[in-house]
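Notes to accompany the following structure.
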Amino acid sequence: SGSEKGGRRLRTAFSAEQVSTLESSFQRQQYLGAAERRKLAGRMRLSEVQIKTWFQNRRMKLKRQL
C-alpha cells in the first residue's frame, strides 16, 4: 500500500469506533485468518496490513500486561 519506496508509513490514527470494532474481534480471537482479516479490512475501510499490525501490537500489549 505504501508507494513511497522505503518511506516509513505514518502512524495510523484509528477512530474510537474502529478501535472498538478491532477490540471486540480481538476478544473473540487473538489470531485472525486471512479471510477474517480481509472481511474486517473491507468493512472498516482499512488495509489488511493495518489490521494485521494492529493485532500484532495488541497481542504484544496483552503479553506485557500478563
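General remarks:
- Magnitude of the charge dipole, the chain, Cβ model with Lys/Arg +1 and Asp/Glu -1, debye to 20: 220 debye
- Heavy-atom accessible surface of region 16-65: percent carbon and sulfur, 1.4 Å: 49 percent
- Placing a pseudo-label 7 Å from each Cα along the Cα-to-Cβ vector at Thr21 and Gln65 gives an inter-label distance of 2.2 nm.
- With bins 10 Å wide beginning at 0, the percent of Cα pairs of region 16-65 falling in each bin runs 26, 63, 11, 0.
- Highest-fluctuation residue, Ser25, Ser47, Ser15 considered, GNM on the chain with Cα pairs under 10 Å: Ser15
The values are calculated or read from the model by the stated rules, or taken from the named source; none is laboratory data. Owing to the predicted nature of the structure, the values given are computational and were not obtained by experimental measurement. Don't worry about glycine lacking a Cβ; one is built from the backbone with ideal geometry, like all the others, and counts go over all protein chains shown. Heads up: the accessible areas ignore ligands, DNA and RNA and are worked out on the full protein's heavy atoms, side chains in. Shrake-Rupley method; radii C 1.70, N 1.55, O 1.52, S 1.80 Å.
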